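The values are calculated or read from the model by the stated rules, or taken from the named source; none is laboratory data. Small disclaimer: the values here were computed from a predicted structure and weren't measured. Reconstructed Cβ throughout: ideal geometry from the backbone, glycine too, with neighbour counts over all protein chains shown. Keep in mind that these areas ignore ligands, DNA and RNA; they rest on the heavy atoms of the full protein, side chains included. Shrake-Rupley method; radii C 1.70, N 1.55, O 1.52, S 1.80 Å.
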Amino acid sequence: MLSQEQQEKQIAALLKKPENALCADCSSKSPCCNSCIYLGASLDFGVFVCMNCSGAHRSLGQSVTRIKSTKLDTWNRDWLWHMQLNNKMINQYF
């Protein structure tokens, strides 16, 4: 597990990338706000999603996608590694 400080630094760096400025699902600008405690990340797809879309992903169940909060959950290095892809790249693929 990462310390809270390490986690915040690394997630903030990922969110500063222009490719992650919009929600991967609905294209709202919510993901660029790192101070939002409801910002979610889909570990299985490697994308950041807004509060509304993270709720929709959570309702699909963990067998489809695992959603973690960028603020409320404690992350490990593997999860951060999955997030090295970005919203734009994943959206182009799908």
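Details
- Average accessible surface area per residue within the stretch 5-94, 1.4 Å rolling probe, Å²: 59
- The stretch between Thr74 and Glu5 holds 23.8 nm of extra length on full extension. This uses 0.36 nm per residue minus the Cα-Cα distance.
- The accessible surface of the chain, taken with every protein chain in place and a 1.4 Å probe, is 54 percent carbon and sulfur.
- Ranking by accessible area, most exposed first, for His57, His82 with a 1.4 Å probe: His82, His57
- Judged by the gyration tensor of its Cα atoms, with axes a ≥ b ≥ c, the chain is rounded; a/c sits under the 1.5 cut.
- Rounded to whole Hz, the Karplus (6.51, -1.76, 1.60) HN-Hα couplings of the stretch 50-60, x for glycine and proline: 6, 4, 5, 6, 5, x, 5, 5, 4, 5, 6
- Dipole magnitude for the chain: computed about the Cα centre from +1 point charges on Lys and Arg Cβ and -1 point charges on Asp and Glu Cβ, it is near 120 debye.
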